[in-house]
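See below for the structure under consideration.
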Amino acid sequence: MGRESKKVDEETVADVHDLTVSYHIHPVLWDVDFQVPRGKLMAIVGPNGAGKSTLIKAMLGIIPSTTGWVKIFNEPYQKVRHRIGYVPQRGSVDWDFPTTAIDVVTMGRYGKIGWFRRPGKKDREISYTYLEKVGMQDFAQRQISQLSGGQQQRVFLARALAQEADIYFMDEPFAGVDVVTEKAIVNLLFELREQSKTVIVVHHDLQTVNEYFDWILLLNMRKIAIGNVDDTFNEENLRKTYGGKLAILSKAANAMTKGRVDGIID
């Protein structure tokens, strides 16, 4: 993947400082601090209940934080939302809503044109181009409720791409998808990186971290470690992150040197 480890001169595109999020006074995230350099594919990994999805929702202002602040491109989210793309968890979407695939993708254009203007012919053409990019052009007029899970996920990826953002947040985009869709998503991630875009992904499959990502945040309510995958995705940090849920560490350490992790309990 040709990873690089520049640490000084890279632009910081996301800055999270002292972020705490609580549900009913119980902390879900606690004093989380980190920065994300420009042009990285970053995985957020950690055990179930670690606060991974909560983190990106808090960064996007979808849920409130108790303390701390988040800046993206050195501004609050509200000022730069037009530069941000978001792919939510597929399970959080009402797929029975009566709309077509092309209409869903075109919704991604509102960040560019404003919520009080109707998308024009050019916006529809751009949306169709992104449906083609994810291999869904033949389903443009299909109701989203009639699509398979993998097809629905590709439509939502196309919607995010139609935003033509500079940073993308994706909440478990690989969860429950077929092999074809997973390959399509990975290829898109690599294309975005080639365009110097930044992508932050909640990810659960540790076996593919080395292959898909170049930057990683290990999270378990607190930040455990962050940095390039080669230096940070190691046995010590995995042990700190997963604790008793991490199985067969000796095999995992050996597997990581081959670019995969075996025996990890997600």
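Can you pick out the pairs among K133/K223; K40/K133; K52/K122; K40/K79; K122/K183 whose Cα atoms lie more than 25 Å from each other? Checking Cα-Cα distances, K133/K223; K52/K122; K122/K183 exceed 25 Å. Taking each residue as 0.36 nm, the span from D96 to R118 lengthens on full extension beyond its C-alpha to C-alpha distance by 5.6 nm. Site pair V180 and H17 shows an inter-label distance of 4.8 nm when each label is modelled 7 Å from Cα along Cα→Cβ. A crude spin-label estimate for the pair N234 and H26, with each label 7 Å from Cα along the Cβ direction, gives 3.5 nm.
With the simple spin-label model, which puts each label point 7 Å out from Cα in the Cβ direction, the E211 to T129 separation comes to 3.1 nm.
Taking the DSSP beta bridges with both ends in the range 12-256, the antiparallel portion is around 55 percent.
Highest mean packing comes first when the peptides 26-36, 118-128 are listed by Cβ atoms within 10 Å, giving 26-36, 118-128. Oblate is the label for the range 23-78, because a/c, from the alpha-carbon gyration tensor with a ≥ b ≥ c as root eigenvalues, is 1.5 or above and a/b does not exceed b/c.
A short reminder: the numbers here are calculations on the coordinates, not readings from a lab. Fair warning: this is a prediction, and the values are worked out from it, not measured in the lab. Cβ: placed from backbone, ideal geometry, glycine included. Neighbour counts: every protein chain shown.
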